[in-house]
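The values are calculated or read from the model by the stated rules, or taken from the named source; none is laboratory data. Worth saying up front: this structure is predicted, and the values here are computed from it rather than measured. Virtual Cβ from ideal backbone geometry, glycine too; neighbours counted across all protein chains shown. When the accessible area is computed, the model is the full protein with side chains, heavy atoms only, and any ligands, DNA or RNA have been set aside. Shrake-Rupley method; radii C 1.70, N 1.55, O 1.52, S 1.80 Å.
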Amino acid sequence: MSDPLLQVDAVDLYYGDAQALSGVSLEIRTGEIVAIVGANGAGKSSLIRAIHGIEKPASGRIRFDGVDITAWPSYRTCEVGVGHVAEGRQVFPNLTVLENLEMGATLKRARGAEKRTLERVFTMFPRLSERRRQPAGTLSGGEQQMLAIGRCLMGQPRLIMFDEPSLGLAPAIVHDVFRIVRRLNEEGLTILLVEQNVTASLKIAHRAYVLENGRIELSGSGRELLDNDRVRQAYLGL
Ligand code: ATP
């Protein structure tokens with residue numbers, strides 16, 4: 001098996017006095033899809049934000065490809081290949097689709113590859129190509145999610161962390177989002193996936209972790225967690 005691309009080791013994170021992450025350790029190997037499952041408020045977004053460098057852990061270590069990136073600012077974590085598709089899509093509504101995509105390619109690591117990556121994004125998302133001159137705010141929710149994914153791809157990430165990519169989307173589009181996550185992984189991207197659609201995320205995940213009250217309580221293959229009684233009762237309503 002390959003070395004871990006991402007290693008999170010005993011991370012504690014606080015908002016004021018409130019502890020959001022307690023001793024969180026996990027790893028993601030190159031080529032894996034790893035899902036994080038947990039109830040609202042369990043700390044899933046906080047974990048992603050700590051890895052990205054938006055929140056600073058009080059203690060613990062985060063390593064990316066062997067390099068200690070703990071508490072690096074986000075622009076630096078992006079430069080080494082950490083990608084983040086944030087919850088709620090976060091496109092710039094007044095900029096065109098093309099301008100939004102170009103914003104994703106301002107990283108040094110992406111320079112020189114813009115044209116090729118743009119073609120790749122437009123091949124993957126033909127609707128974005130058709131609408132490239134339209135303000136992003138005029139796109140449907142599903143199209144905005146595709147745009148957010150496309151913008152992240154423009155930065156040449158090695159790891160993409162998805163925070164609730166299917167939230168608020170129609171069922172047919174949710175299916176598309178999972179298909180895209182799988183396709184990106186088949187094309188070589190390593191994926192960290194946080195999804196309220198637990199069954200679908202465990203089905204596509206090679207491995208998964210269950211986060212409860214800021215702690216990792218369980219881990220295993222996607223299949224093992226799908227069959228786990230605790231997961232079935234708490235997250236699958238079975
Ligand atoms: P959700 O699915 O609802 O987004 P989550 O598992 O992603 O939940 P987080 O958003 O990481 O959980 O929140 C973990 C805990 O930290 C919660 O108790 C939340 O209220 C708290 N929290 C999150 N962001 C902040 C903040 N900026 N300031 C203070 N507390 C916060």
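Taking amide H positions as modeled 1.01 Å from N, with prolines and chain starts lacking one, the residues under 5 Å from Val11 and 5 or more places away or on another chain are Gly23, Val24, Ser25, Arg61. With helices as the sole contributors, the chain gives -10500 deg cm²/dmol at 222 nm; each DSSP H run of n ≥ 4 counts as -39500 (n - 2.57), and the sum is divided by every residue. The HN-Hα couplings worked out from phi for the stretch 68-81 by the Karplus form 6.51 cos²θ - 1.76 cosθ + 1.60 (θ = phi - 60°) are 6, 10, 4, 6, 5, x, 4, 4, 7, 5, 4, 5, 8, x Hz, whole numbers, x standing for Gly and Pro. Kindly express, to the nearest 10 degrees and within the range 0 to 90, the angle between helix 171-186's C-alpha long axis and the longest C-alpha principal axis of the chain. Helix 171-186 and the main axis of the chain meet at about 80 degrees. Computed with a 1.4 Å probe over protein heavy atoms only, the accessible surface of the stretch 1-79 comes to 44 Å² per residue. Taking a Cβ cut-off of under 13 Å around Pro135, the surrounding Lys, Arg, Asp and Glu residues balance to a net charge of +1, with basic ones at +1 and acidic ones at -1.
Only protein atoms count toward the accessible area here, which uses a 1.4 Å probe; on the chain, the carbon and sulfur part of that area reaches 47 percent. What is the helix-to-structure angle for 114-124, meaning the angle in degrees between its Cα long axis and the longest Cα principal axis of the chain, kept from 0 to 90 and rounded to the nearest 10? The angle comes out near 80 degrees. Between Glu212 and Glu217, the built amide H atoms are under 5 Å apart, and every one of these is 5 or more places off in sequence or on another chain. Relative contact order of the chain, taken over Cα pairs closer than 8 Å and 6 or more residues apart, is 26 percent. Mean-square fluctuations from a GNM of the chain, with a 10 angstrom spring cutoff on Cα atoms, peak among Glu102, Glu217, Glu55 at Glu217.
Along the stretch 52-65 the Karplus relation, 6.51 cos²θ - 1.76 cosθ + 1.60 evaluated at θ = phi - 60°, assigns HN-Hα couplings of 5, x, 7, 10, 9, x, 6, 7, x, 10, 10, 10, 10, 6 Hz to successive residues, with x for each Gly and Pro. Counting Lys and Arg as +1 and Asp and Glu as -1 over every other residue whose Cβ lies under 10 Å from the Cβ of Phe162, the net charge comes to -4.
Would you mind telling me which residue in Met103, Met146, Met154 has the biggest mean-square fluctuation in a Gaussian network model of the chain, where springs connect alpha carbons within a distance under 10 angstrom? Checking each option, the largest mean-square fluctuation is seen for Met103. Per residue, the convex hull spanned by the Cα atoms of the stretch 174-229 amounts to 84 cubic angstrom.
For the stretch 25-132, trypsin sites (Lys or Arg not before Pro) are listed when DSSP marks them as loop and at most 16 other Cβ atoms sit within 10 Å of their Cβ; the list is Arg111, Arg132.
Given in Å, the Rg to one decimal and the Dmax to the nearest whole number for the Cα atoms of the chain are 17.3, 50.
Sequence-ordered 3J(HN,Hα) estimates for the stretch 19-24 from the Karplus curve with 6.51, -1.76 and 1.60 and θ = phi - 60° stand at 8, 9, 10, 10, x, 6 Hz, glycine and proline given as x. Among Ser140, Ser221, Ser25, the largest mean-square fluctuation in a Gaussian network model of the chain (Cα springs under 10 Å) belongs to Ser140. Size estimate for the stretch 1-107 follows the Kirkwood approach: the inverse of mean 1/r over distinct Cα pairs works out to 15.1 Å.
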